[in-house]
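This report concerns only the one structure given below.
The values are calculated or read from the model by the stated rules, or taken from the named source; none is laboratory data. Remember, it's a predicted structure, so these values are computed and weren't measured experimentally. Note: ideal-geometry Cβ built from the backbone for every residue, glycine included; neighbour counts use all protein chains shown. Areas reflect the complete protein model, heavy atoms only, side chains present, ligands, DNA and RNA absent. Shrake-Rupley method; radii C 1.70, N 1.55, O 1.52, S 1.80 Å.
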Amino acid sequence: MVVMGMDIGSTTSKCLILEDGCRILSSVLVQAGIGTEGPKEAYDRAIEISGVSGDAISCCIATGYGRERWSQADGMISELTAHALGSHFLFPDARTIIDIGGQDAKVIALDDRGQMCNFVMNDKCAAGTGRFLDVMAGILKKDIGELEQLAASSKNPVTISSTCTVFAESEVISQLAAGAEIPDVVAGICASVAGRVASLARRIGIREQVCMSGGVAQNGGVRKALEALLEVNVSFSPLAQLAGALGAAINAGINISALKGRSMSIA
Ligand code: ADP
């Protein structure tokens, strides 16, 4: 049984093809999200890499901000459900998922069966999201992928006190003008995102194992700052940014199994 999950986000499109509920045949991430050719490119490349034909896909489930725009989908699920399913697959013992994407941050609580039992979300403000990091990387003229290394080499992190992205932007420019080292500014930026998300997480309570999903999970500077603030280990998979697409594919598999009257285990 071959199924597909398509996660159309604000900044990226992710497509994943799953065989028999456990074998990932292909997973593709395209740096273009809703309203672009990104979803089609992700779909075409995922099909090509998997070696299966589009007709062989039994079910495709879409998720993400742009899920309603993917007409090839057989159904759709929320990002919360998708990240809960995908992260539970990657980390069966996870009880708290911190998902930081391009335009929002969510903290999802899972019960002992890995089912979502609570969540909190920040989708009102760019602070504490990937957008904040993207804006700051732009000011520093750095690639988003460089921030982790820079933060790691910081000796004296600066404090970014503004909670608003626009004010924080001015603050970063002032820090640089005052002679702050770029690694110290980057460490401050990562700590600022972590601080916002840690406050969100404390609202529903932290239960271990804690894992991260979404694109910002790739930033070790944010992960380490979160670990320090929450005093827990934060697990991370190289598939973190694809966790939503994985969850959508798992949901597609569950749908097919239900139709065939068969049971399927996720973890
Ligand atoms: P969305 O689904 O809303 O498009 P994602 O979960 O794909 O969001 O995350 C996108 C965010 O991930 C970007 O805004 C960026 O800040 C961050 N990001 C993407 N790639 C990297 C990377 N290599 N290292 C660190 N952060 C990254």
(request) Only bridges with both residues in the range 93-236 count here: give the DSSP antiparallel percent, nearest 5. (result) 65
(request) Along Cα→Cβ, 7 Å out, is where each label goes; now give me the distance between the ones at Glu41 and Lys141 in nm to one decimal. (result) 2.5
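What trypsin sites (Lys or Arg not before Pro) in the range 62-154 are in a loop by DSSP, with at most 10 other Cβ atoms within 10 Å of the Cβ?
Arg113, Lys124, Lys141
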(request) Only residues of the range 114-129 count here: report those whose backbone N is under 20 Å from the spot 7 Å along Cα→Cβ of Cys164, or say none. (result) 122-129
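If you put +1 on each Lys and Arg Cβ and -1 on each Asp and Glu Cβ, how big is the dipole of the chain around its Cα centre, in Debye rounded to 20?
Its charge dipole is roughly 420 debye.
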(request) Write down the Kirkwood hydrodynamic radius of the range 55-157, to one decimal in angstroms, obtained as one divided by the mean of 1/r over all alpha carbon pairs. (result) 16.1
(message) If I compute solvent accessible area with a 1.4 Å probe over the protein chains, what percent of it on the chain is carbon and sulfur?
(response) 49
(message) As a test of the formula, what do you get for the chain when each DSSP H run with n ≥ 4 contributes -39,500 (n - 2.57) and the sum is divided by the residue count, at 222 nm and rounded to the nearest 500 deg cm²/dmol?
(response) -12500 deg cm²/dmol
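Dividing the Cα radius of gyration by the Kirkwood radius, what Rg/Rh value follows for the chain? Provide the component values of the computation, followed by the final result.
Details: Rg = 18.8 Å, Rh = 18.8 Å.
Reported Rg/Rh, Kirkwood definition of Rh: 1.00.
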(request) Express in Å², to the nearest 10, the accessible area of Thr63 obtained by rolling a 1.4 Å probe over the protein heavy atoms while all chains stay in place. (result) 0
(message) Just to confirm a number: summing +1 for Lys and Arg and -1 for Asp and Glu over residues other than Ile57 whose beta-carbon lies under 12 angstrom from that of Ile57, what do you get?
(response) -3
(request) Please identify, among Leu140, Leu80, Leu242, the residue showing maximal mean-square fluctuation in a Gaussian network model of the chain using a 10 angstrom Cα cutoff. (result) Leu140
(message) Restricting to Cα pairs below 8 Å that are 6+ residues apart, what does the relative contact order work out to for the range 8-112? Please round to a whole percent.
(response) 20
(request) Hey, can you find the accessible area per residue of the range 93-236 for me, probe 1.4 Å, expressed in square angstrom? (result) 46
(request) Evaluate 2.2 N^0.38 Å with N set to the residue count of the range 93-236, then give the Cα radius of gyration divided by it. (result) 1.02
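Going through the cross-link list Lys106/Lys141; Lys40/Lys124; Lys40/Lys224; Lys124/Lys155; Lys155/Lys224; Lys40/Lys142, which pairs have a Cα-Cα distance over 26 Å in this structure?
Where the Cα-Cα span goes over 26 Å, the pairs concerned are Lys106/Lys141; Lys40/Lys124; Lys40/Lys224; Lys124/Lys155; Lys40/Lys142.
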(message) Once you order the gyration tensor axes a ≥ b ≥ c over the Cα atoms, which shape class does the range 4-97 get: rounded for a/c under 1.5, otherwise prolate or oblate by comparing a/b with b/c?
(response) oblate
(message) I need the shape label for the range 153-229. Rule: rounded when a/c is under 1.5, else prolate if a/b > b/c, else oblate, with a, b, c from the alpha carbon gyration tensor.
(response) prolate
(request) Calculate the spin-label point distance for Asn233 paired with Ser174, positioning each point 7 Å from the Cα along the beta-carbon direction, and give it in nanometres. (result) 4.1
(request) Under a 10 Å cutoff between Cα atoms, tell me which one of Glu208, Glu48, Glu148 has the largest fluctuation in the Gaussian network model of the chain. (result) Glu48
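Sorted by accessible area with a 1.4 angstrom probe, largest first, how do Cys15, Cys164 fall? Spell out each step's value before the answer.
Working: Cys15 0, Cys164 50 Å².
These residues rank, largest area first, as Cys164, Cys15.
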